[in-house]
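Worksheet for the structure shown next.
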Amino acid sequence: MRLHHLRIRAFGPFADEVSIDFDEIGCDGLFLMHGQTGAGKTTILDAVAFALYGRVPGARDTHRRLHSDHADPQAVPEVTLEATIGGRRVRIRRSPEYVRPKKRGSGTTKTNASATLVWLDGSRPDLTRLPEIGEAVTGLLGMSADQFFQVVLLPQGDFARFLRAQNDEREQLLEKLFDTARFGDLENWLRDRARTGSALLAQHSDAVDRLAGQIAAVSGGEVPAEPDMDWADSRLSAMEDDERGVAAELAAARTAARQAQEALDTGRTHNDLRGRGEKAAARLVALREAEPMLAAVDQSLAAARRAAVLVPLADDVDAALTAGEKAEAARVRAQTPLIELPEGDELCAGLVWSPEIDDAADGDGQPDTAGHADDDSAIDRAITEWTAESGRWEPLARRVSMRPQMISDIENMVTEIDRLQRRITDDDTALTALPVRRDELVATLTEATRAGARVPVLAAERREVESVAAALSSRESLIATISEKEREVLALKDFHLNARETLVRLRERRIAGMAAELARQLVDGQACAVCGSLVHPQPAMHPDDAERVGDAEESRAVEAERSAADRSAAADAELRVLLDRREGLDDVIGGAIATEVTARLTALDAQLSEAEAVAAQADVLEREITRLDDHAQALRARIGEAHAQLATLEERIAGARADLTELDDVVRKATGGVMSVTERREHLALLCARASAVRDTRRAARQAIRTHHDLSIRLQTRCAEAGFGDVAALRDAAADDRQIAEWDRRLREAAQMRAAAQETVDDPQVARAREGEAADVAALEALAAAARTRADDAAARHGVAAQRLADTADFRSQFWAALDVLAPLQAKHAELAGLAELVAGRGANAKKMTLRSYVLAARLEEVLVAASARLLQMSAGRYEFAHSDAVGPRGRRGGLGIEVRDGYTGVVRAATTLSGGETFFASLALALGLADVVSAESGGRVLDTIFIDEGFGSLDPEALDLVMGVLDELRSGGRVVGVVSHVDELRARIPAQLQVLRGESGSRVRVSGTLLATP
């Protein structure tokens, strides 16, 4: 990595822009950076670190206050670094997060960090995202930020502390520089595996102990100190013997219980047969005693069955009698309303009625009813006469039915006359009010016409004011655009100047190269091709590290400078266009104030809206005036039409009233004034209806009497045939279905009981049982119960023994499987635990070194080998480093000890015994050695630019000469070394110097001892 150019602005103590050309100041390979305390020397190193990694070294990064307090709060803090990293030239610009005042209003706002990375060879697209830039820089450098801070920005104080530190502190720094994460992961992996194995081993050991306890608990034994399979087998054999003994006891108990149960069953069967025989004999005796009662039931059942056939006919006779009584009552009820009417009373007086029927039949064999038939004919003749009279009243009735409609028509015409008179009054009132309303509308129309004339004037004035308001709004946004464009113009001019500076340096390098080429062609004694001299006292020399500049490279630089100039000119032209637009807007505004313009625009909007609203009413008003004129004409026409309708209605009312008077006279003459036509017709209809009801009920009563007489004769005949003296005897013999079914059931059950009892008595087994004595069932039951209890107890004991045997066998199998798993687990855990203890620096690890410490010790040995070469040179061959892996005091971990071998005495002693000056060059040698090793670790990338910070003040002149010799070796290898120091002697030894000057308005830098030295 080689630094080319650094530009700082509003960063740390630097308020204004500061540019440092490392190519120029480091052209000799060595330069000195000095200045007052607090001026900003360390800030320059921080700027390099921030440009690359977006952070600064050490505790300064925790505060995140990188914006310069000397700069304008609106100024953007920025660091731009141009460098060659991993063979790629890049330009990195970074701006940290900072707080600035708000552009509008009060308060502050936070601006986020930003960055860009430009590939100056154009091989890749530029980067703007912070994570992508960080990955790109880390990939090119091959080291992290912490590694870079240690190997490029060599902080001597840190390495002096590193030299004197304890192993733990030294381990922390080395872990930042060398990636030992994978070894730490291995330590953690082994530790976790050992813990997992320990937990698994404990789990399986617990399982073995638990199974042994279960075997002992089930089999009744004790758990030995070391239970094994022989012990488990012995417990299983004991359980098998116990189960076989209990099984034999169970078989004997079950045999005895079965025999006792068989004896009990035999006794119960004997007693049951004997009881059945006794019960059957007793039932036969009872049936013989009940035979008279059963014979009476049988006779009642036969009479009830004969009566059941005639009961429906007897019920019909009773029903016919009831129907006749009801028909007679209906006849009487129907005749009463007819008697209440005048003509009906006369008709009823001539009617006769006899409820008795003469047994002497007429010629048809039916009872005689001739008198009743004459009465029916008289009723029919009266109905016919009344119906004929009602028909004669029909024409006059139709005319009378129209009388209500005639009255309604007269009333409707009177109502219509009242309505027409009210409408004429209302129309006259409305017609009188129309001229006043028309005058009001004409006045309003005149005002709307004047408002319409004002609308164009107000609209024109509003457009003018609106253009001023638009200009004010556009000017505000245009000012922001102009500010942005001005910054762009300044940036493009800087870019153009940089491109032009690059072109000038390129041409200077090419000219220098041309002089060297011509100098190589010079021959002593021959004329120079340029000046013609034969003497060549000081020919130009071509720098060994200078690259030759070709036409293509110069053409690219010319094209880049021309492109930058074109972009700058284009941006400048765009800025002039924006300024012209602002001037045009100022002409339109003419000094107007935004608040006044806004207020005037609001007032004009209100006036214009009001005028437009009033003017818009003109057409409506004209139409309304026309409508009023039309309405007045329509009212006049409607009033005339209403008067004509009134005359017509009054004429029609007079005619209708005359017709109604004439109809009333006709009706009065026809009815004699007693009743109306309608009332007479209704009276005749009522006579016909009531007379018809009397006739019908008389006929129904006669039919009911005839039906009852016929059924009574039939019933008397059937009773005699069935053996019943009269209907009363029939009713006495009759029984309902439930009683008949009950008598039949009792007779059938008696027969069945007699047959079943006789069969039981005749059974030989029953007969033998009746001859013997009854068995003692209670004693047999007691014997059987005792036998069952003994069998159940034996079965329970056998179940327990069998379960214990099964459980023991199951636990033995599990115990065997657990022992098979436990043995390899114990061996594997012992191996893993030993490895975990070993890599953790415990157990058999005699040096108490962890795996990470062991790896870091190897890296430290490499660092000490590289540092010893530097230390031998700086100490004139006296000192070199020695690595110590001894264990620390009080058992502390070892492996990272640093000692110094004194070549004068041959003694190896602690680094803390060195003097101040010796400690400085030991620390410097250690830092340089570390830089070499880390560089090799990062892929062998050469660190062409390094900085050494402080520590030279502790050296005597001789030691300083030795250190300067080492620095000369570093720069002779192509490196650029920047020394940061206050030592005055270094100013005399190092010509190229970068001085940092402190000031009230911020720091600045001054370069001396170079071609570009600043005054």
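Structure notes:
- Test set (1) modelled with pLDDT of 80 or more; (2) surrounded by fewer than 15 Cβ atoms within 10 Å (Cβ to Cβ); (3) under 30 Å from Asp376 (Cβ atoms) - Ser692 fails condition number: (2)
- Within segment 22-103, helices (runs of 4 or more DSSP H) holding 2 or more residues that are in contact with a Ser or Thr (Cβ under 6 Å, 6 or more places away or on another chain): 22-25
- Segment 250-260, subset buried (at least 16 other Cβ atoms within 10 Å of the Cβ) and of a type outside the set (Gly, Ala, Ser), residue nearest to Asp776 (Cα to Cα): Arg254
- Options Ala304, Ala308, Ala323, Ala247; residue that is under 30 Å from Leu711 (Cα atoms), surrounded by 13 or more Cβ atoms within 10 Å (Cβ to Cβ), modelled with pLDDT of 80 or more and more than 60 Å from the chain's Cα centre (by Cα): Ala323
- Put simply, of Glu624, Glu612 the only residue that is within 30 Å of Arg450 (Cα to Cα), surrounded by 15 or more Cβ atoms within 10 Å (Cβ to Cβ) and either without any contact (Cβ under 8 Å) to a residue 12 or more places away in the chain or not assigned by TED's automatic domain parsing to the domain that holds Leu478 (or both) is Glu624.
- Test for Val285: is it part of a helix (DSSP H, G or I), β-branched (Val, Ile, Thr), exposed (fewer than 15 other Cβ atoms within 10 Å of the Cβ) and touching a residue at least 60 places away in the same chain (Cβ under 8 Å): no
- Taken together, the residues in segment 716-746 that are touching a residue at least 60 places away in the same chain (Cβ under 8 Å), within 20 Å of Ala295 (Cα to Cα) and aliphatic (A, V, I, L, M) amount to 4.
- Segment 748-799: number of residues that are within 30 Å of Gly245 (Cα to Cα) and free of Cβ contacts under 8 Å to residues at least 24 places away in the same chain: 6
- Complete set of residues in segment 756-780 that are of a type in the set (A, V, I, L, M, F, W, C) and either loosely packed, with under 11 Cβ neighbours inside 10 Å or not in a helix (DSSP H, G or I) (or both): Ala774, Ala775, Ala778
- On inspection, Glu135 qualifies as assigned to a helix (DSSP H, G or I), surrounded by fewer than 19 Cβ atoms within 10 Å (Cβ to Cβ) and modelled with pLDDT of 80 or more.
- Conditions (1) out of contact with any helix residue (DSSP H, G or I) (no Cβ under 7 Å at 6 or more places or on another chain); (2) farther than 23 Å from Leu458 by Cα; (3) assigned by TED's automatic domain parsing to the domain that holds Leu445: number failed by Asp572: (1)
- Condition met for Asp374 (part of a helix (DSSP H, G or I), exposed (fewer than 14 other Cβ atoms within 10 Å of the Cβ) and modelled with pLDDT of 80 or more): no
The values are calculated or read from the model by the stated rules, or taken from the named source; none is laboratory data. Predicted model, so just to flag it, every value in this text is computed and none were measured. Neighbour counts are summed over all protein chains in view; Cβ atoms, including those assigned to glycine, are modelled from backbone coordinates with ideal geometry.
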